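Student: This structure is in structure tokens; I'll ask about it shortly.
The values are calculated or read from the model by the stated rules, or taken from the named source; none is laboratory data. All figures in this text were calculated on a predicted structure; none of them were measured in a lab. Positions of Cβ are backbone-derived with ideal geometry, glycine not excepted, and every protein chain shown enters the neighbour counts. Note: areas computed on protein heavy atoms with side chains; ligands, DNA, RNA excluded. Shrake-Rupley method; radii C 1.70, N 1.55, O 1.52, S 1.80 Å.
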Amino acid sequence: MLNSATHRRQNSCNLRQPYQQRTPPSPPHSTSLARFSLDAAYHGSSESEDERENEDLSDVGELDPLNYETRHTRRSGRRIAKRFDSETAPLREGNSIQEKLLRSYRPPRWRLWRRCSGTSRSFCLLSEPYYPTPKGGRYAGWTDSFRKAQILVKQMTLPEKVNVTTGVGWSMEMCVGNTGAVPRLGFPSLCLQDGPLGLRFADHATAWPAGLTVGATWNKDLMRRRGQAQAIEARLKGINIILGPSMGPLGRMPAGGRNWEGFSPDPVLAGWASSQTIRGIQGEGVIATAKHFVANEQEHFRQAWEWGTPNAISSNVDDRTMHEVYAWPFMDAVGADVGSIMCSYNQVNNSYACQNSKLLNGILKDEFGFQGFVQSDWLAQRSGVASALAGLDMTMPGDGLRWADGRSLWGKELTKAVLNGSVPIDRLNDMVARVVAAWYHMGQDNTLNWPLPPPEGDGGPNFSSWTLNETGLLHPGSDDPTTGIVNKYMDVQNVGGNGSDSHQLLARAIAAEGIVIVENVDNILPLSRIGWSAKEVLNGEGKEFHVGIFGEDAATNPRGRNACEDRGCNVGTLGQGWGSGTAEYPYLISPVEALRQAFNDSVSITESTTNNLPSASVLSNQDLCLVFANSDGGEGYIASGNIKGDRNDLGLQKGGDRLIKHIADHCGRDEAAVVVIIHAVGPVTVEPWIEHPAIKGVILAHLPSQESGSSLADVLFGDVNPSGRLPYTVGKSLQDYGPDAQILFNANGLRPQQNFTKGLYIDYRYFDKNEITPRYEFGYGLSYTTFELSGFKLEHVAQNNESFPIGRPGGVTPPGYPMQLPNPQEALIPSNFTKIKKYVYPWLDSLSEVKKGRYHYPHGYTWVKPPHPAGGSQGGHPDLWIRAMHVEVHVANIGDTDGAAVVQLYTMEEYNPRVDFPVRVLRGFEKVQVPAGAKRTVAFDINRRDLSYWDIERNTMPRSTPERKVGCRLLRILQARSN
């Protein structure tokens, strides 16, 4: 748990509470230990556990497509695959059906084992089992929602419950994800749609600046307003659940393909941005999805078979690093009341994230107190019963182990699993209740804002993800030829009006604030619209000003702004990365278009919007050269050129470095200047040309999306004073980020292993620890004015000086449900019902489908974990959120231009021989507008979590260091910086 620097003090909690025995239930109408199988194809073995234990399966366990629990013995390093036919398992708390224990087993702590991947020098962690799944409805803020959900769920039949938890299959309905409906009770099919920066596949909707750009604004208000505006558009399109924001990948690897979907590799900046986005989305009644949980840090090997390996990569992370870095922003998301969390494709400590009980049951639902539902990433579910027992609540898109196969691991299989006792009815009730409670919690039962779909109303999605035509197939993923009106072309971009809440203006403002100027030699910026400065005009210098605009990145893709599906190519100006986190451009203002309009007619403009090297004669005639370059990347299912998701390096692509150096060598005469503008999915190295004397300005414009050119012109010409700050570190080489920051491009085994050995030290923390000088540090950025800090004050405000919490709060009693199994007859498909091919249904064709067979429970399932002392409220133990210190600092604008200062607050831990701490960690930031010549006071509240660390020995959440030590010795404020 998060601990203070005085972690050796006596804890008033019982830190090592013993495991409690739990008795799993018997199958219905049986007193034997035989168990019914979920699916005979997955559970054909009848040998005893001991026989399984001693069977040398060699590499067979690695090739198991369902990747059941695998463990390895120390005997000669020999791999022993222990196949827990994971489609098993009784539930837990409140379940009194069975009184016998299947076996006695005390689950181990996370331990280090050899040869997890089949390579003799590889080590990995094995994820600790954590059962049972904590029930939803334990905290007061959700009491009313779960009460309503209880009433509705109690009325549902077994197939209706299964329908709520299972997607109907890829491209079977209009959205990228669709659950089954319960029309009898007025509960609709839920529409789930990407994504983090806009409504994927939707027409007439805004393509917002990417998460990385939003992180670069350091503007909490814009973070919230972007989420709010996106939710308004989603609601008007009939979308119940937005698949965003993204805070995983966090950005451990600067070349990671999907880093741009998130906000920053710093967990605090990412946590603030995600929580503000969530508040904006859910304030409009749309369910937000925090994704991808967790440690999904690269695209290579993220899924089984996508890169040729039968298993996904395992991110091996120690407990402290998990809590202080990768899970930190998800904790903030839960504290912001997020309704859904998406588990990721990868394995974590050699257990798939979507069936990892430690992650889902232990960290999310117990420690963090998450009350919503956990959904799988699309085909990230790798087992049926095991995933349900581990805490998964909804499977997406509903298909099984292959895209669009219609063979769901839930659907009818979940129906059978409940009837045969594999999944206890109590677990299913909790799964359904969490989904329904989130629906109520966002007010989606209000039919004025959320009309029911036809025939009961005119609601539901009014667009199709699969065609732009007005009329199209109703179930395009099947062979059903039925058509209807699928696109109503509702324009949702202008719902904010023409003021500052206009979505176009808001997108433009975000893109402009996300621009970071890192070089401005001789104050070359801002530019003059007439080219010459006022002084030069008075001196009579020049009659015509010549500007050259160079680089493919300055113009739109000549084949069209949406020519490449999911933006899966690097052609033209870069406004988004590629993959499922993209949106269709309703329009795209390119830089060259905006610059043409911005310069006065007296300025002569030369355009060369390719990366071919312009001739020296053309360049020599220019007074100013603006050169554009980029670096693209994205999701692993798309490759563009030689970039397969993850970037190969941090260099500019398509000859960008060569173009910049050539133009810098030949632009103009003695006084000509070069300004470089870069659009990129993350940090890029600038070393090949940054010291060139002709280069006067460097602008990192990130991913501005539809308002690319307009936002750039706003900053270039001084209409907007730049206030963006780097949300990452720009190193001088990829190697500067450390060995842990390198993409694993070549599999090191059939189950690739990636050990997070540097722990807390990613991005600027690694640079600080190893005394590496970056090119541009985290949080850096220039303004057209100058700020000065003064009057630093620190006040201790917490009254309780105990180092550890007294105890975990009890919460409220979650809702209960009848424990008896339903009549099996209700699970049969209705007579005269015609199925659609590959559509996922919850019904059985015959009760004979319910099979018997013996199988084993997952490790540790029969031992009840007591409530974790780190929990007790949404977002963790309430003590974490107690104010510990109050900080104030004055910021003065001593320049002659109004501007926005970004004041950043860092903490520093003095040397501690027992616990390793980073040199500094960001703990707060505020962006404040300061008129020229004025002064403003910026205030920060630092809570106990900000001054704590995770104690891996006690595995609990103590309070922070007593305040008398916080200020005077152990913890101090390192800096409150404004660039």
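Student: Rounded to whole Hz and in sequence order, give me ³J(HN,Hα) for the range 400-417 from the Karplus expression 6.51 cos²θ - 1.76 cosθ + 1.60, θ = phi - 60°, writing x for Gly and Pro.
Tutor: In residue order, the calculated couplings are x, 8, 10, 4, 6, 8, x, 9, 5, 7, 10, x, 5, 5, 5, 4, 5, 5 Hz.
Student: Right, here's the next one. Non-local amide H neighbours of Gly167 (under 5 Å, H modeled in plane, Pro and chain starts lacking H): which ones?
Tutor: Here the answer is Thr395, Gly398, since their amide H atoms fall under 5 Å of that of Gly167.
Student: I would also like to ask the following. Please list 678-691, 269-282 highest first by mean number of surrounding beta-carbon atoms within 10 Å per residue. Don't jump to the answer; show the numbers that get you there.
Tutor: Working: 678-691: 21.6, 269-282: 26.6.
Averaged packing, sorted descending, gives the order 269-282, 678-691.
Student: Here is a further query. Could you order the peptides 182-194, 166-178, 459-471 from most to least packed, using the average number of other C-beta atoms within 10 Å per residue?
Tutor: Working: 182-194: 21.0, 166-178: 26.9, 459-471: 18.5.
Top to bottom by mean Cβ count within 10 Å: 166-178, 182-194, 459-471.
Student: Let me ask another. Only four residue types carry charge here, +1 at the Cβ of Lys and Arg and -1 at the Cβ of Asp and Glu. Report the dipole size of the range 518-770 about the Cα centre in Debye, rounded to the nearest 20. Working shown, then result.
Tutor: On the way: 20 positive and 31 negative charges, 112 e Å.
So the magnitude is around 540 debye.
Student: For the range 197-202, in order, what is each residue's ³J(HN,Hα) by Karplus, 6.51 cos²θ - 1.76 cosθ + 1.60 with θ = phi - 60°, in whole Hz (x at glycine and Pro)?
Tutor: Per residue, the Karplus-derived 3J(HN,Hα) values read 10, x, 9, 4, 6, 8 Hz.
Student: Further question: What percent of all Cα-Cα pairs in the range 518-770 falls in each 10 Å bin, counting up from 0?
Tutor: Histogramming the range 518-770 at 10 Å steps yields 7, 28, 34, 20, 8, 2, 0, 0 percent.
Student: For the range 783-798, take each phi angle, set θ = phi - 60°, evaluate the Karplus expression 6.51 cos²θ - 1.76 cosθ + 1.60, and give the result in whole Hz per residue in order, putting x for glycine and proline.
Tutor: Once rounded to whole Hz, the list reads 10, 8, 9, 10, 10, 9, 9, 7, x, 5, 10, 10, 10, 7, 10, 5.
Student: For the ranges 736-747, 657-668, 129-140, what's the packing order if you count other beta-carbon atoms within 10 Å of each residue, average per peptide, and put the highest first?
Tutor: Result, highest mean first: 129-140, 657-668, 736-747.
Student: A follow-up question, please. Nothing charged except the Cβ atoms of Lys and Arg (+1) and of Asp and Glu (-1): what's the magnitude of the dipole of the range 583-697 about its Cα centre? Round to the nearest 20 debye. Walk me through the intermediate numbers first.
Tutor: Details: 8 positive and 15 negative charges, 32 e Å.
The dipole magnitude comes to about 160 debye.
Student: Further, regarding this structure: Please list, in chain and number order, the residues 5+ apart from Val930 or on another chain whose amide H is under 5 Å from its amide H, with Hs placed from the backbone.
Tutor: Gly899, Ala900, Ala901
Student: Considering only protein heavy atoms, what is the solvent-accessible area of Ile232 at a probe of 1.4 Å, reported in Å² to the nearest 10?
Tutor: Accessible surface of Ile232 is approximately 40 Å².
Student: Using modelled amide H (1.01 Å from N, peptide plane; none on Pro or chain starts), what sits under 5 Å from the amide H of Ala207, excluding residues fewer than 5 places away?
Tutor: Answer set, sorted by chain and number: Gln706.
Student: Just to make sure I understand: if all protein chains stay in place, what is the order of Thr157, Thr834, Thr937 by accessible area at 1.4 Å, largest first?
Tutor: On the way: Thr157 40, Thr834 110, Thr937 80 Å².
My answer, sorted largest first, is Thr834, Thr937, Thr157.
Student: Follow-up. Taking all protein chains in place and a 1.4 Å probe, what share, in percent, of the accessible surface of the range 404-453 do carbon and sulfur account for? Display every interim value, and only then the final one.
Tutor: Details: 590 of 1200 Å².
Carbon and sulfur: 49 percent of the exposed surface of the range 404-453.
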